[in-house]
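Engineer: The structure under discussion is supplied below as structure tokens; questions concerning it will follow.
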Amino acid sequence: MKPVPKFLGTIKNGKVVLDEQDAYEGYLLTLDEKRIELVIKKEEIARTNQQSKYLFGVVYQLISEETGYSKEEVHELMKSIHLKTHMEANGKRYTVIRSTHDLTTVDMTEYIENCKRWASTELKLFIPEASKVN
């Protein structure tokens, strides 16, 4: 499948304002006289470096200190608890563990909160909010 460019922009007063209007118009010329599919959706922003630093530097660090597992072991444990999903292939069901790299900022926030809730419930461990950490 040929790669398809993604054009980002903003809706202002009901109109689309693209960040790279010239590139968009140039791409449209390559599709002249062809049927197209146009999809407009809210931009999904990948997890932030700040979220990753908080996850590994605070959440996983405190769980690691409490359990004796390394931060990487804690990472694998938390993913297996909170990012487990299932897929079917050839009539068989398989367990798949999602990667945190694929999470949006919203998904990552939910994942971090789930890890903190697990630590509180299972380990009686308090993990401070990101805004309360130096």
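The values are calculated or read from the model by the stated rules, or taken from the named source; none is laboratory data. Keep in mind it's a predicted model, so treat the numbers as computed, not measured. Don't worry about glycine lacking a Cβ; one is built from the backbone with ideal geometry, like all the others, and counts go over all protein chains shown.
Engineer: Would you pick out the residues in region 87-124 that are within 18 Å of Arg47 (Cβ to Cβ), of a type outside the set (D, E, K, R) and not in a loop (DSSP other than H, G, I, E, B)?
Structural biologist: So the first thing to find is which residues in region 87-124 are within 18 Å of Arg47 (Cβ to Cβ), and the list is 97-116.
From what is left, the residues that are of a type outside the set (D, E, K, R) are 97, 99-101, 103-106, 108-109, 111-112, 114-115.
Residues satisfying the conditions are Ile97, Thr100, His101, Thr104, Thr105, Val106, Met108, Thr109, Tyr111, Ile112, Asn114, Cys115.
Engineer: Take region 68-83 and flag every residue that is charged (D, E, K, R) and touching a Lys or Arg at 6+ places or on another chain (Cβ under 8 Å). Before the answer, list the steps.
Structural biologist: Pass one, region 68-83, residues charged (D, E, K, R): 71-73, 76, 79.
Of everything in region 68-83, just one residue is charged (D, E, K, R) and touching a Lys or Arg at 6+ places or on another chain (Cβ under 8 Å), namely Lys79.
Engineer: Quickly run through region 36-74 and pick out the residues that are exposed (fewer than 10 other Cβ atoms within 10 Å of the Cβ) and either modelled with pLDDT of 95 or more or not in a loop (DSSP other than H, G, I, E, B) (or both).
Structural biologist: Passing the criteria: Asn49, Gly68.
Engineer: Using beta carbons and a limit of 9 Å, which pairs, at least six apart or on different chains, have the first residue in region 1-17 and surrounded by 10 or more Cβ atoms within 10 Å (Cβ to Cβ) and the second one of a type in the set (A, V, I, L, M) and assigned to a loop (DSSP other than H, G, I, E, B)?
Structural biologist: Ile11/Ile40; Val16/Ile40
Engineer: Can you tell me which of (1) over 29 Å from Pro5 (Cα atoms); (2) in contact (Cβ under 8 Å) with a residue 60 or more places away in the chain; (3) assigned to a helix (DSSP H, G or I) is the one Ile127 doesn't meet?
Structural biologist: Among (1) over 29 Å from Pro5 (Cα atoms); (2) in contact (Cβ under 8 Å) with a residue 60 or more places away in the chain; (3) assigned to a helix (DSSP H, G or I), the lone unmet condition for Ile127 is (3).
Engineer: For region 10-20, check the following and say yes or no: at least one residue is in contact with an Asp or Glu (Cβ under 7 Å, 6 or more places away or on another chain), outside any loop (DSSP other than H, G, I, E, B) and of a type outside the set (Lys, Arg). Can you show your working first?
Structural biologist: Initially, region 10-20 is screened for residues in contact with an Asp or Glu (Cβ under 7 Å, 6 or more places away or on another chain), giving none.
Looking for residues that are in contact with an Asp or Glu (Cβ under 7 Å, 6 or more places away or on another chain), outside any loop (DSSP other than H, G, I, E, B) and of a type outside the set (Lys, Arg), one finds none in region 10-20, hence no.
Engineer: Within region 85-109, how many residues turn out to be under 10 Å from the mean Cα position of the chain (by Cα) and either among the hydroxyl-bearing types (Ser, Thr, Tyr) or exposed (fewer than 14 other Cβ atoms within 10 Å of the Cβ) (or both)?
Structural biologist: 8
Here is a yes/no grid of residues against (1) within 17 Å of Lys53 (Cβ to Cβ); (2) at pLDDT below 95:
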| residue | (1), (2) |
| --- | --- |
| Leu83 | no, no |
| Arg93 | no, no |
| Val106 | no, yes |
| Thr109 | yes, no |
| Glu113 | yes, no |
| Glu122 | no, no |
| Ala130 | yes, yes |
| Val133 | yes, yes |
